[in-house]
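Please read the structure below before turning to the comments.
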Amino acid sequence: QVTLVESGGGSVQPGGFLRLSCEVSGHTYGPYCMGWFRQATAKEREGVARMTTPDGGTYYVDSVKDRFTISYDKAKTTLFLDMTSLKSEDSAIYYCAAARRPNCIGTVAVGAFTYWGQGTPVTVSS
């Protein structure tokens, strides 16, 4: 079993910066995917960014490309999402997720990911 715990959410002004963290534990050896998703009020959960191991490939949805960066610190077993130039439409509960390859390659679809964290809220407002 893989356990994911998000942290780092909070309230920021538009244009601000946040770093979200996701501590990963359990059986994460072998090829797998890790991703960030978000769910805003009254909206469905959507993919934000994904990376794969061992190749380190990354993918971002268009709405966050050039603003968000996904990375993984192997030594700390922690997944990060660095968010810059935050907008009000970025407000949501952010979730990290993981899955064994090949289920998740080439997609950030919610249904392709097996393990989920509890979420950390991000609010962007003046």
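Numerical summary
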| item | result |
| --- | --- |
| Region 23-79 - percent relative contact order, Cα under 8 Å, separation 6 or more | 32 |
| Linear extension gain, Asn103 paired with Lys87, 0.36 nm per residue minus alpha-carbon span | 2.6 nm |
| Region 1-105 - accessible surface per residue (Å², probe 1.4 Å) | 51 |
| Percent carbon-and-sulfur accessible area, the chain, ignoring ligands, DNA and RNA, probe 1.4 Å | 50 |
| Karplus-derived 3J(HN,Hα), 6.51/-1.76/1.60, for each residue of region 119-125, Hz, glycine and proline x | x, 9, x, 10, 10, 10, 7 |
| Pairs of lysines in the chain (C-alpha under 24 Å apart; 8 or more residues apart or interchain) | 4 |
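The values are calculated or read from the model by the stated rules, or taken from the named source; none is laboratory data. The structure presented is a predicted model; accordingly, all values stated were derived computationally and were not measured. All accessible areas refer to the heavy atoms of the entire protein, side chains included, with ligands and DNA or RNA removed. Shrake-Rupley method; radii C 1.70, N 1.55, O 1.52, S 1.80 Å.
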